[in-house]
Structures are given as structure tokens and as C-alpha cells.
1. Kindly list the number of the only condition in (1) part of a loop (DSSP other than H, G, I, E, B); (2) buried (at least 18 other Cβ atoms within 10 Å of the Cβ); (3) polar (S, T, N, Q) that fails for Ser431.
2. Name the residue that is farthest from Asn197 (Cα to Cα), counting only residues in region 248-271 that are under 55 Å from the mean Cα position of the chain (by Cα) and open to solvent by 100 Å² or more (accessible area, probe 1.4 Å).
3. Return the residues of region 137-150 that are without any contact (Cβ under 8 Å) to a residue 12 or more places away in the chain, part of a helix (DSSP H, G or I) and open to solvent by less than 30 Å² (accessible area, probe 1.4 Å); say none if nothing qualifies.
4. Please work out which residue is surrounded by the most Cβ atoms within 10 Å (Cβ to Cβ), limiting yourself to region 330-367 and to residues that are in contact (Cβ under 8 Å) with a residue 60 or more places away in the chain and among the aliphatic types (A, V, I, L, M).
5. Open to solvent by 30 Å² or more (accessible area, probe 1.4 Å) and β-branched (Val, Ile, Thr): is that true of Val134 in this structure?
6. Residues in region 390-405 that are within 43 Å of the chain's Cα centre (by Cα), of a type in the set (D, E, K, R) and either more than 12 Å from Phe427 (Cα to Cα) or open to solvent by less than 30 Å² (accessible area, probe 1.4 Å) (or both): how many?
7. Looking at (1) more than 26 Å from Glu335 (Cα to Cα); (2) open to solvent by 20 Å² or more (accessible area, probe 1.4 Å); (3) at pLDDT below 85, find the lone condition where Phe426 falls short.
8. Report the residue count in region 438-480 for those that are surrounded by fewer than 16 Cβ atoms within 10 Å (Cβ to Cβ) and among the acidic types (Asp, Glu).
Amino acid sequence: MSRWAGLLQRVQKEEVVKNEAKSGKSVAEVKKKLNWKEWIVDPSEEFYYTWLQLMVFPVLYNWVMIICRTCFYDTEKNYLVLWLTIDYISDLLYVVDIIIRFRTGFLEQGILVRDPALLRQRYLWSSQFLWDVVSVLPTDLLYLWLGIHCPLVRVNRFLRAPRLGEAFDRMETRTSYPNTFRISKLMLYIFVLIHWNSCLFFALSGYIGFGSDEWVYPNISDPNFASERRQYFYCFWFSTLILTTVGDTPTPEKEEEFLFMVADMLIAVLVFASVVGNVGSVINNLRDRDNVFFPNHELVRSYLRSRWIDRALRARVDGWYQHLHINKKITRENEILQQLPTRLRTTIAVSVHLPTLSKVTIFQNCETSLLEELVLKLTPQVYSPGEYVCKKGDVGHEMYIIKEGKLAVVADDGVTQFAVLGEGNFFGEISILNIKGNKSGNRRTANIRSIGHSDLFSLSKEDLTEVLAEFPAAKRLLEEKGRQILMKMGMLEETAGGDGAQEEEKMERKVERMENSLEALQTKLARLMAELESSTHKMEARVLLLEKEMEEREATAEKRKATKRQSKGGVKKEAAELPDGDCHGEASEQMKDEASVRAASGGVVRYHGEDRHCKSMHLENAAENGGETEEEPIEETKKEKMA
């Protein structure tokens, strides 16, 4: 919430500044009312970019002069006051840079964070804060112990080098000549490297002894090599010979000299590879830029040679390419701007082409959104002297707007000129509108030839139709304007207007019928959906009812089974109460066997009335075997015996 509150306060302050500036108050009076404690630096603003450029100087100064003053003692001694002054100015800039970092905003989810507490916390917990603090530690206090002529105590100032890289990156993205800037940056790095190498060479020569052999620096007692400029230039020249692998250097004689040469040779290999790689990259970038901006001339030239095209035609092609390169005519604008967002690409196209498009009569008084869509469809074209843009009778697929140059309306003989068209004129607009009743149809009605080199914009029929499909009102307006132009030229049939009106009425009636049919279908669909929903609810209710009935039936069946089990238990008890001798013997055993067999075969077990004392046993056997019992009458049994 504090972040959004800070953003709102910022916006309110800007509005206050604008309003009070309009009221006549000076800028100084307005700024006094601002709270500088809430001052925040936007990394995308000009102030931050300017500050980075300013920080380049103290960082480079420390990297170049600390080693130089350490190795070249005379330079340090003779200009001590100057060096100390610049030292502490650079230290002051380092401290101010830390303060600015505390106030530098950052993006979070695309929104610039302006809360001072969050900015301070983010910087304090970053690793860059540690390096920045170490780089401004007061190591100059060591002068009290080591002496004032010991600039090596300021070596911690080298830790601010990342600021230099950030400044160079920003400058490379803003400059209009990035390739030139890359080469310049590479040369600067090489200069610093050679500078360090020359300082170390002079220090090593002093350690070994000036003039002790041919490899080291000559004896400084010699007046020719005693001056400070001569010392530095000689060492710089010697280091350049080594690092560029030119050769012609004296042969080293001592171990220290051999080690120094080996290290320089290894560094020279890396330097040479870096130079070659960067230069090759710059050349490739330039070539890619030319291929994007201009058509590939070499490819077309090779094709013309392989097809044995005559020299006159090849000369015309070469002249066309030469005109493009000399005058920087770009014919591939859409490909160049393709990577940009659509809205930004539209804004660029509007700023470049809208003034030209607004000069076309049929597009005047049209919607701004229509013109913004059309400017993205314009295609630049360049015509050479004497080249025909269109000829009479050709089918028109595009219209043309003259940006620069002169075009002539000529007769069929190509000599007689009827009119001359200049900058801002247009032609071919009628053939791409498909106006009913146009006597010439979609064919060109005149010959248009370029007098000199002419730059034109073309708008194709397909692109215009695609755009007008989204703007029906503009389409009717353009057709009406085109119809008026044709009537003035006498190229519109008299019945064309009435036929067009009738067709429009028919189309409107068809549209109305289709809309009514669509509404009816929507109503039917809504009814069907409602019926489907109600039937679904009914089916769900039926299913629930059936489930309840099934549960009740299952409960009833379980109760019946329990009742049967209880009845079986009562039968067994009655059989157990009978005397033991009633059902013993061979006859009773035989009857048991017969009852079991009949029950197993699904038959009926019969027993005679005289054997009622065994009825309980038979019932028990029949029940156990799942059969049925039936009492046979006594009379029928006797008859069967007599028979």
C-alpha cells in the first residue's frame, strides 16, 4: 500500500508543478515545495543516463593513473597536487554515486518502485553495496605510514569498474552508430591494456636495472631517455610491438625478461583473437543491416548472369540498386519494424505515412482508426526513369500515392504527355473499389510513366478490402465518393446508381430476414434447453423413487426368509417330541429313503394315513431336501394294494 501511495503522491506533485507553472510561478518556487527526501531516480530517465556518463571519468582515471603514478615516479612527484585534487574529486563522485544508488528505483511487475524504504533495503542487501563501500574506504590514511608518494594504496578504487560497463551498455543502446561505438570501446580496452603493460615494463626495467641489457629501458642518465614523455612513449611503443605480435623486439636475456615476454605473448594471442572477432562481428552486422534495408544485389546479379540477360537490362537493374543505396531508399519497412509491438509499429507508421495518406481525396474525412489500419498496409516502391507504373487496359490490383518524384500521363505512343503528377498526387484508386456501373471495370484508363526516379506508396486491393470489412460505414462512404468521381468523369452508367440502391435494399432485407431467423432459432433453442432440463429433473425423481421401492422389496424378502427359518425350527421340535420307536424299523427306514429320493428328484412324498406317526419325519426329510409332501388318502392306498 505504501508503494501505491508513493506513486499517487508522485503523480499529484507533477500535477501541482504543471498547474503552478501555468499560473505563472517560477520553477524554483515550485521546486521549493517539493520534498527532496522522497526524490527518486528513474533508471530510464535522462538524469540517470547522464550520471552514468559522468561516472566514466573517475573510473577510467583510477584505472589509468594509479598504475602510471606507481611505476613512473617522476610523474607522481612533479604533479602531486594535481593528482591529489583529482583523487578526492573522484572519491566525492563515488560517494554521490552511492547516494544515488540508494534513490534509484527498480521495476517490479512492470511498475517502478518509488518507496525509499524498499529501495534502501534492496540496495543494502545487494552484493554491489559491499563492493561500493569497499571502493570508498579511506585507504589514503596509509599515506601516514607509507608516505605521500604511494598511490598504490588507492587500489580499492578499481572495484567500481562495473559502473563503467553499465555506462557503456547504456551508451551502446542509445547511440545511432552502435558498430562504431563497439570498435571505439574495443580500442579503449586495448589502450588500457597496453598502458598497463608499458607501466609494468618500465617498473621491471627499473628492478633489473635501466640500460643493463638491450631488452630493458635504456639508462635514464642519458639525456635522450631522461624526459618523462620519452619514458612513457618508449614503453608504450615497446608494449605495442609485443602485444600486436609485430616482432622486432630485442631478445630477452634474464629469467624475469623471459617470463614477461611469455605472459605478453599469451595476452597478445587473446587480444588478437578479440580484435578479429569484434571486427568480424561488426562487419557481419553491417552486412545484415544492408540485407534488411536493401534487397540483395549480389543474388540478383548472379541470377541475371546465369540467365544470360542482356547488358542493357542488367544496367537498368544496377542503376536501380545504386539509386537505393546512394539515396538510402528503404523498401522493406514492414520487415524492419516486424519485431516491434503492433501498437508501437502503428504509431511509427502513422507518424511517417499518415500525412501522405491523408492527401488522398477518397480517404479524407474518414475515421482515424481506418487510416491507422491502412498505413500499416502501405508498401514503398521505387521506379527508375522511363519505367511504366501502369498501362492502359491493365487490371488494377493496387492504387498509388506519389511521395517524391514526377510521373507523366502519356498517350499510347509514349511521347505525348497529357498531364504531370507530382508529390501528393494519387491514381488507381477507382479500380480497387469495385464500384457497380464502372464502364472501365477494374482496368486502368491511362498510361503512367516515371519521368525520373520516383518514390511511391502502393495499397493493394486485398489489403483495402480486408480493412474495409471491419469498417462498413467507411466502405459505403468510399464507394459513394468513388461513384461521384466516376460521374464527373462520365465513366458511370446511369442505372448504376439505382441498381446499387436496389441491391443495397435487397441486402438489407436479407440481413433482416437472417436476423429474424436467428432470433427464432435462439428462442427454440432456449425452449429445448428448458424442456431438457425439466425432463432431466423428472428422470432423477423417477430413479430415486425406484431405488426406494427396490430397498423396500429387499427388506420384505429378508423378513420372509427369516420367517421360513423360524417355521423350519418349529417342525424339527415336533419331530423330536414323538416316541423313539415310532419311526424305527425297516419300514420306516425304507420310507425315509423313498422320501429322500423323491425330494431329490423334485417329486412328491406321499405317506399313508396309517403312518401318520411318521409324518413329522417325512416333513423333516422333505424340507431338508427341498421337496414337497402330500398326504395320500387311505382309500386310494388300499385300492392300490388290492390291485
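1. (1)
2. Asp248
3. Tyr143
4. Residue satisfying both the conditions and the ranking: Leu357.
5. yes
6. Looking only at that region, the number is 2.
7. Tallying (1) more than 26 Å from Glu335 (Cα to Cα); (2) open to solvent by 20 Å² or more (accessible area, probe 1.4 Å); (3) at pLDDT below 85, Phe426 fails exactly one: (1).
8. Summing the residues that are surrounded by fewer than 16 Cβ atoms within 10 Å (Cβ to Cβ) and among the acidic types (Asp, Glu) in region 438-480 gives 4.
The values are calculated or read from the model by the stated rules, or taken from the named source; none is laboratory data. All values derive from a computational prediction rather than experimental measurement. Here Cβ is always computed from backbone atoms with ideal geometry, including for glycine, and neighbour counts include all displayed protein chains. Protein only, heavy atoms only, side chains kept; ligands, DNA and RNA dropped before computing areas. Shrake-Rupley method; radii C 1.70, N 1.55, O 1.52, S 1.80 Å.
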